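Peer 1: Dropping the structure in here first, questions after.
The values are calculated or read from the model by the stated rules, or taken from the named source; none is laboratory data. Bear in mind the structure is a predicted one, so any value in this text is a computation, not a measurement. FYI the Cβ positions are ideal-geometry reconstructions off the backbone, even for glycines, and counts take in every protein chain you see. When the accessible area is computed, the model is the full protein with side chains, heavy atoms only, and any ligands, DNA or RNA have been set aside. Shrake-Rupley method; radii C 1.70, N 1.55, O 1.52, S 1.80 Å.
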Amino acid sequence: MMARFPYGRAPFWLLLLAVASVTARIATRRHDARRPDLVLVTFTDSHYQAYRRAVPAFERAHGVTVQIELSNWTPLRSRLQNAILAGTEVPDLAEVVEGSLGFFTRGPVRDIGVLDLTDRLRADGLTDRLVPSRLSLWSAGDRVYALPHDAHPVMLAYRRDLIEALGIDVRTLDTWEKFAAVGRRVTGDLDGDGVRDRYMLDLLASGDTALTTLIFQRGGRLFDRAGNVAFDSDAVAEVILWYLRQVQGPQKIAYDAGWGQSAAKAMTDGLVLFYLTPDWRSFQYETEVPWLRGKMALMPLPAWAPGGRRTSVWGGTGLMIMKATRNPELAWALAKYLYFDEASLGQRFAETNIVPVLKDAWARPELDAPNPYFSNQPIGRMYAELAPETPPVTSSPVDAVARAKLNEAFSRCLESYKQHGEVGLPQTIRAELARAATDVRRMADRNRALAEAEGTSPPNPRRRRRR
């Protein structure tokens, strides 16, 4: 063909390139014309797979097309923030992780790029049907900006076979004081080589999420209901003091088993007996350490005081609807279908062990099914019964800063404990918490001042009194 082209080789290839470019542009325009009616992006593979299975029924019922996309969380957050600020294309719905709502609700209310869902929840009668404590995680002020996906109550998973061999009745471990006392008895060097071979409890050496889980159980908060910094409190100081004594010093009962392979090794070898276990983590054990099937069991957390709360909360996912969506009503319908369809939630629990935030779904038979991995316990029913006790966690635009500063304060206290032991430890803890809280308050005040300058939020009474 090229030999018969009258203008030579170069013009022939330029012509082919031009034809290919035009064809590609036409194909792109056709693809744009077939843009899905809704696009939802998530950062969790298990959610991605579940939604792909659930969406075809929604598409048939509404005569629409829905595209589900999967992205890693860090680039997803950055792209969403940048796209909202620049006014460029965004997905219609996006799942976000615990502690991230503040990234999207900073500054004036009019600049928030996600829909306020408060009135929709009330109009559809959903507010009273959800675990109340979970709405605060996705609220800014008294307005809800994302739907809660999960309840995430926490229990203790333990090596049932080893605990029974040690003659421990877990029913007697109803307070952390009793738990630690038993831990001091069973933690130790079993073979006389100078190295401890068994620990009672898995706790992160850095504090981090394990520390905040215990703080929330104790009634401590990062922020109060009004969004003010609140972690420089007696409750938080008491938990840090207890935590330090378990991970360091002569009465140490805890070991940082880590995650993945290191945690699997610790569980398999019996190096650690008990593990803080939100509902989602129980499923990880089933998939990552399957050979312990039948040797594991679950129990409520010990309380901080007799008769106190026997659970906490760890983690959370929320679903935001973007203001820029072309189909807000359709997006709302999809959000309710994915998050609050009872039959789907029952099946989803069977596939993930995640307890739904919708209380109506707790009647599903899947939650009563015996779980062979956990010694045939009905773990769905156990988690669901604890879910109403999960403590509220308040969102804030400076949430990430608060968690980082709390970890920094914990690290300073840990170093002090290593060097000086118990001498002045309570005073050190309070001083470090006060310093960290002051830093976070400065950042919180900057964000609040911006909103007040724009006239979009009520003045902060604490700031007025200070003037």
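Peer 1: Which pairs have Cβ atoms under 9 Å, sit 6 or more apart or on different chains, and link a residue in segment 70-88 that is outside any helix (DSSP H, G or I) to one that is at pLDDT below 80 and surrounded by 10 or more Cβ atoms within 10 Å (Cβ to Cβ)?
Peer 2: Pairs found: Thr88/Asn82.
Peer 1: Read through the list (1) more than 21 Å from Thr438 (Cβ to Cβ); (2) assigned to a loop (DSSP other than H, G, I, E, B), then give the number of the only condition that Met382 fails.
Peer 2: If we test Met382 against (1) more than 21 Å from Thr438 (Cβ to Cβ); (2) assigned to a loop (DSSP other than H, G, I, E, B), just (2) comes out false.
Peer 1: Right, something else. Restricting attention to segment 181-196, report how many residues are of a type in the set (Asp, Glu) and farther than 17 Å from Gly249 by Cβ.
Peer 2: 2
Peer 1: OK, next. The conditions are (1) part of a loop (DSSP other than H, G, I, E, B); (2) touching a Leu at 6+ places or on another chain (Cβ under 7 Å); (3) not aromatic (Phe, Trp, Tyr), and Cys413 fails exactly one of them. Which is it?
Peer 2: With respect to (1) part of a loop (DSSP other than H, G, I, E, B); (2) touching a Leu at 6+ places or on another chain (Cβ under 7 Å); (3) not aromatic (Phe, Trp, Tyr), Cys413 is out only on (1).
Peer 1: What number of residues in segment 358-374 are open to solvent by less than 50 Å² (accessible area, probe 1.4 Å) and touching a strand residue (DSSP E or B) at 6+ places or on another chain (Cβ under 8 Å)?
Peer 2: Result for segment 358-374: 5.
Peer 1: Identify, please: which residue in segment 98-130 is of a type in the set (Val, Ile, Thr) and at pLDDT 90 or above and is, among those, nearest to Val39 (Cα to Cα)?
Peer 2: Across segment 98-130, the extreme among qualifying residues is Val114.
Peer 1: Regarding Glu329, is this residue farther than 26 Å from Gln217 by Cβ, open to solvent by 20 Å² or more (accessible area, probe 1.4 Å) and without any contact (Cβ under 8 Å) to a residue 60 or more places away in the chain?
Peer 2: yes
Peer 1: Looking at (1) at pLDDT below 85; (2) surrounded by 15 or more Cβ atoms within 10 Å (Cβ to Cβ), which is the one condition that is false for Ser133?
Peer 2: (1)
Peer 1: Additional query: Is there a residue being surrounded by 15 or more Cβ atoms within 10 Å (Cβ to Cβ), aromatic (Phe, Trp, Tyr) and within 20 Å of Ile354 (Cα to Cα) anywhere in segment 68-77?
Peer 2: no
Peer 1: Any residue that is closer than 22 Å to Lys252 by Cβ, out of contact with any Pro (no Cβ under 8 Å at 6 or more places or on another chain), open to solvent by 20 Å² or more (accessible area, probe 1.4 Å) and not acidic (Asp, Glu) - is there at least one of those in segment 139-157?
Peer 2: Within segment 139-157, none of the residues are closer than 22 Å to Lys252 by Cβ, out of contact with any Pro (no Cβ under 8 Å at 6 or more places or on another chain), open to solvent by 20 Å² or more (accessible area, probe 1.4 Å) and not acidic (Asp, Glu).
Peer 1: In segment 204-216, which residues are open to solvent by 10 Å² or more (accessible area, probe 1.4 Å) and over 10 Å from Trp314 (Cβ atoms)?
Peer 2: Leu204, Ala205, Ser206, Asp208
Peer 1: Run down Glu351, Glu389 and say which single residue is farther than 22 Å from Met299 by Cβ and touching a residue at least 40 places away in the same chain (Cβ under 8 Å).
Peer 2: Glu351
Peer 1: With respect to Met322, determine if the residue is in contact with a helix residue (DSSP H, G or I) (Cβ under 9 Å, 6 or more places away or on another chain), modelled with pLDDT of 95 or more and not polar (S, T, N, Q).
Peer 2: no
Peer 1: Give the residues of segment 385-410 that are part of a helix (DSSP H, G or I) and among the β-branched types (Val, Ile, Thr), sorted by residue number.
Peer 2: Val401
Peer 1: Among what's in segment 83-100 and is closer than 23 Å to Ala333 by Cβ and of a type in the set (Val, Ile, Thr), pick the residue that is surrounded by the most Cβ atoms within 10 Å (Cβ to Cβ).
Peer 2: Once the filter is applied, the top-ranked residue is Val96.
Peer 1: Answer yes or no: is there a residue in segment 279-296 that is buried (at least 20 other Cβ atoms within 10 Å of the Cβ), in contact with a Gly (Cβ under 9 Å, 6 or more places away or on another chain) and hydroxyl-bearing (Ser, Thr, Tyr).
Peer 2: Checked against the condition, which is being buried (at least 20 other Cβ atoms within 10 Å of the Cβ), in contact with a Gly (Cβ under 9 Å, 6 or more places away or on another chain) and hydroxyl-bearing (Ser, Thr, Tyr), segment 279-296 yields no hits at all.
Peer 1: Working only within segment 45-67, note down all residues that are outside any helix (DSSP H, G or I) and open to solvent by less than 40 Å² (accessible area, probe 1.4 Å).
Peer 2: Residues satisfying the conditions are Val64, Val66.
Peer 1: Here are some residues: Gly307, Gly315. Which one is more than 15 Å from Gly380 (Cα to Cα) and at pLDDT 95 or above?
Peer 2: On inspection, the qualifying residue turns out to be Gly307.
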